[in-house]
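None of the figures in this text is laboratory data; all of them are computed from the coordinates on show. A quick note: this is a predicted structure, and the numbers were derived from the prediction, not measured. Counting neighbours? That spans all protein chains shown, and the Cβs are built from the backbone with ideal geometry, glycine included.
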C-alpha cells in the first residue's frame, strides 16, 4: 500500500515503535488529511491502528449507600474511587464489570443485574468508559490487593477530599441524586481529564 507522507507529529506515550510485519522503526504522522495521526511503516506499508482501551466502572449500592474503594496500588494509591478496571480481550462489558467488582471487593453480582449508567470517551488518552449500576442486599465487601479499604458511603459521608479522579465527581453526585429519587438516567458522557459532562438519553425506574 502506498503511503502519503503527511505531517509528522510527536510520539504518544506507550505507542508502538516498530513494525510487527518487518521490524522497521515506525514513522508517526497523518497519512490522509481527514485522518488522525498514527504509526505506519515506510518500508512495507503496515499501518498500526490503536483501538480505544475500554475502562469499566461500577456504581454498586446497598440501601442509600454507594460502594467505594481505596486504591491499594499505583497509580493513585491511597486515594478513593469506585470499583473498576480495564476490559480484557474477548470479554463482555458486563462480565468485565462483575469480574472487576469481585476481584477488588469480593462482591459477587449477577451480570444480568447490572445496568448501563454512563458511556463516554476521553479522547486525549484514547479511552472509552462504561459505568454500570447495580445493588446488593448487604454490605459484604472486603479489601483486596488492589483495594486496601472498602466502604459503603452516603453522599455526605463519601471521601470526596481524597477522590482519585475529581473530574468524575459530578457523575457520582448525579448517581447519588438518581438513586435517592429511585429514577435512573442512562447518560452519554462528554469526558475529559478536567471534567465530566453528562447528557441524559433515557430514564427508567428501579
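Based on Cα contacts under 8 Å between residues 6+ apart, the chain shows a relative contact order of 18 percent. For the stretch 19-119, the relative contact order comes to 16 percent (Cα pairs under 8 Å, sequence separation of at least 6).
With the highest mean first, a sort of the peptides 34-41, 197-204, 79-86, 21-28 on other beta-carbon atoms found within 10 angstrom per residue produces 79-86, 34-41, 21-28, 197-204. Annotation: extensible slack from residue 180 through residue 195 equals 3.1 nm (criterion: 0.36 nm per residue apart, minus Cα-Cα distance). Could you state the angle between the C-alpha long axis of helix 93-105 and the longest principal axis of the C-alpha atoms of the chain, as a value from 0 to 90 degrees rounded to the nearest 10? Approximately 60 degrees, to the nearest ten.
When both bridge partners sit in the chain, DSSP labels roughly 70% of those beta bridges antiparallel.
Considering helices alone, the calculated mean residue ellipticity of the chain at 222 nm is -4000 deg cm²/dmol, with DSSP H runs of length four and up weighted by -39500 (n - 2.57) and normalised per residue. Could you tell me how many degrees, from 0 to 90 and to the nearest 10, lie between the Cα long axis of helix 169-181 and the main elongation axis, the longest principal axis, of the Cα atoms of the chain? The two axes meet at around 40 degrees. Measuring r between the beta carbons of residue 173 and residue 126 and using R0 = 35 Å, the FRET efficiency lands at 0.85. Rg and Dmax of the stretch 67-115, based on Cα coordinates, read 11.4, 32 Å. The per residue volume of the convex hull around the alpha-carbon atoms of the chain is 147 Å³.
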